[in-house]
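Note sheet for the following structure.
Any read-out appearing in this document is the output of simple, stated calculations on the displayed coordinates, not a laboratory observation. These figures come from a predicted structure and were not determined experimentally. Heads up, the Cβs are rebuilt from the backbone with ideal geometry, glycines too, and the neighbour counts pull from every protein chain shown.
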Amino acid sequence: MGNKKLEWETTSKKIICKTRVFEVVQKIMRPLDLRGKEAEFSTLYAPDWINVVAVSSAGEVLLVKQFRYGTERLSLEIPGGVIDPDDENPLYTAKRELMEETGYTAKKWSKLGVITSNPALFNNSCHVFLAEECKQTHQQQLDEHERIELIKLSLDDFFNRIKNGEIDHALAVAAAGLFLLHKRVSLDV
């Protein structure tokens, strides 16, 4: 992807703020074509995430409804979470998060893809998985700050709620698109 007319290089960076879930890093960058001045940018450094499109044995999509602190409202979305950068791989995290947030485990797993969360601000990626033939095998195992309601929807209702804006979490909507591409490819084979 190299194109010196488009690329920039970092000349310096420093951590401005460090939180439990991300760091804000201030960077001084300059264009490689040298036709412009250095500029200051901020990036949020965060671990990679996972999201799971989970479909039960009955054909229902498993969703989680929870309060989101950024928007200060309830959000209907798919199960997901942070990959522990010290000792987890994305599939392990996907299985763990599905079980913790919903109490369900899956018989069949497929990786749908890897997307960048918001490359204008974040440095991380989101690994998207499809979990099929999900069955409830546990009780929810929520973190102390999680309050999650499990919601089960038909596929039609799931996509209708995306269409009408009730499901508006960008990563969940992107995961739904990857799910549709996966099913289309699978059906065409």
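Summary of computed values
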quantity: Label selected from [x] 59, 44, 35; [y] 42, 39, 34; [z] 46, 45, 32, the criterion being Cα extents along the principal axes in Å as computed here; calculated: [x]
quantity: Ellipticity estimate at 222 nm from DSSP helix runs (n ≥ 4, -39,500 (n - 2.57)) divided over the chain, nearest 500; calculated: -7000 deg cm²/dmol
quantity: Given charges at beta-carbon only (K, R positive; D, E negative), |dipole| of the chain in Debye; calculated: 600 debye
quantity: Hits among lysines - C-alpha to C-alpha of K95 under 26 Å, sequence gap 8 or more where chains match; calculated: K65, K107, K108, K111, K135, K152, K183
quantity: Acute angle (nearest 10 degrees) that the helix 90-102 long axis makes with the longest principal axis of the chain, alpha-carbon atoms; calculated: 50 degrees
quantity: Within the range 85-189, GluC sites (Glu not before Pro) in DSSP loop having at most 14 other beta-carbon neighbours inside 10 Å; calculated: E144, E146, E166
quantity: Loop-located chymotrypsin sites (Phe, Trp or Tyr not before Pro) in the range 1-101, at most 16 other Cβ atoms within 10 Å (DSSP); calculated: Y69
quantity: Extreme residue, positive dipole direction of the range 49-188, given options S154, F122, P79 (C-beta unit charges); calculated: S154
quantity: Trypsin sites (Lys or Arg not before Pro), loop per DSSP, at most 12 other Cβ atoms within 10 Å - longest free stretch of the chain; calculated: 38-106
